[in-house]
Amino acid sequence: MSASTQSTIRRIELVTEYELDGEFESHNQRLSVQFIGLDTAVVVSSSGILEDFRLLYGDYLVVSPLPDGRFNLVGVQHPSPMRHFESSGGGSGPFPSEELHRVGGEWESELTSWMTHIPAAEFDAFCEKTGRTFPPTTEVFSGLSSILL
C-alpha cells in the first residue's frame with residue numbers, strides 16, 4: 001500500500017440505525033475506511049464478527065457526517081463489488097494469498113473466524129486458476145447478521 005493510500009485511510013465511528021422486529025435500533029462501531037468522496041467510503045477492514053450489522057471489506061458506504069465527529073450510515077451499495085465467504089473455502093494445500101491479492105481480494109481473520117473477500121468480477125477466474133471452491137452456504141452479505149447473539 002502506498003503512502004498516499006495509507007494517508008487516506010481513517011478509523012471512524014459509524015452510527016447505524018435500523019428497525020428489527022418492529023424495534024428501532026441504533027448501533028455504534030469503529031471501522032477503518034478509505035474516503036473516495038465527501039460522502040462515500042470503502043471499508044478497508046471488516047466490522048467484527050460479533051457486530052449486529054456487518055460491514056465487509058470492499059463494501060461501498062454512503063455516510064453523512066454528524067456534528068460530534070461520528071458518521072451516520074446512509075446506505076450500502078448493493079451488490080457489493082466483492083463477494084465474501086466464511087472460512088478459506090474448499091480445495092487443498094496452502095491458501096493462495098498471492099493470487100487473491102493480485103486480483104484485488106483480501107482475507108481477514110478474527111478469533112477462529114476466517115473471511116475471504118474476492119472481487120465479484122474476478123470470482124470465476126480466481127476459482128478456476130486456484131482450484132478453490134466456495135459453497136453458496138458460506139457466502140456472507142453485508143447488513144444485519146443472521147447469527148443470533
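Bin width 10 Å, alpha-carbon pairs only: give the P(r) of the chain as whole percents, running from 0 to the bin holding the largest distance.
Reading upward from the zero bin: 10, 39, 34, 14, 2, 0.
Would you list His101, His84 from fewest to most Cβ contacts within 10 Å?
Fewest-to-most Cβ neighbours within 10 Å comes out as His101, His84.
Over all distinct alpha-carbon pairs, what is the Kirkwood Rh of segment 8-54 in angstrom?
Across segment 8-54, the inverse of the average 1/r is 11.8 Å.
Using the crude model of +1 on Lys and Arg Cβ and -1 on Asp and Glu Cβ, and no other charge, please compute the dipole size for the chain relative to its Cα centre, in debye to 20.
520
Whole percent per 10 Å bin, from 0 to the bin with the longest distance: what is P(r) over all C-alpha pairs of segment 82-144?
22, 62, 15, 1
With θ taken as phi - 60° and the coefficients 6.51, -1.76 and 1.60, list the Karplus ³J(HN,Hα) couplings across segment 122-132 in order, rounded to whole Hz; mark glycine and proline as x.
9, 4, 4, 5, 4, 4, 5, 5, 9, x, 7
As an exercise, find the ratio Rg/Rh for segment 39-118 from alpha-carbon atoms, using the Kirkwood inverse-distance average for Rh.
1.03
To the nearest 0.05, what FRET efficiency results for Phe24 and Ser87 with a Förster distance of 35 Å applied to their C-beta separation?
0.55
Label Ile9 and Val74 with points 7 Å out from Cα along Cα→Cβ: what is the distance between them in nm?
Between Ile9 and Val74, the label points sit 2.5 nm apart.
Each reported figure results from applying straightforward, stated rules to the coordinates on display, with no laboratory input. Small disclaimer: the values here were computed from a predicted structure and weren't measured. Positions of Cβ are backbone-derived with ideal geometry, glycine not excepted, and every protein chain shown enters the neighbour counts.
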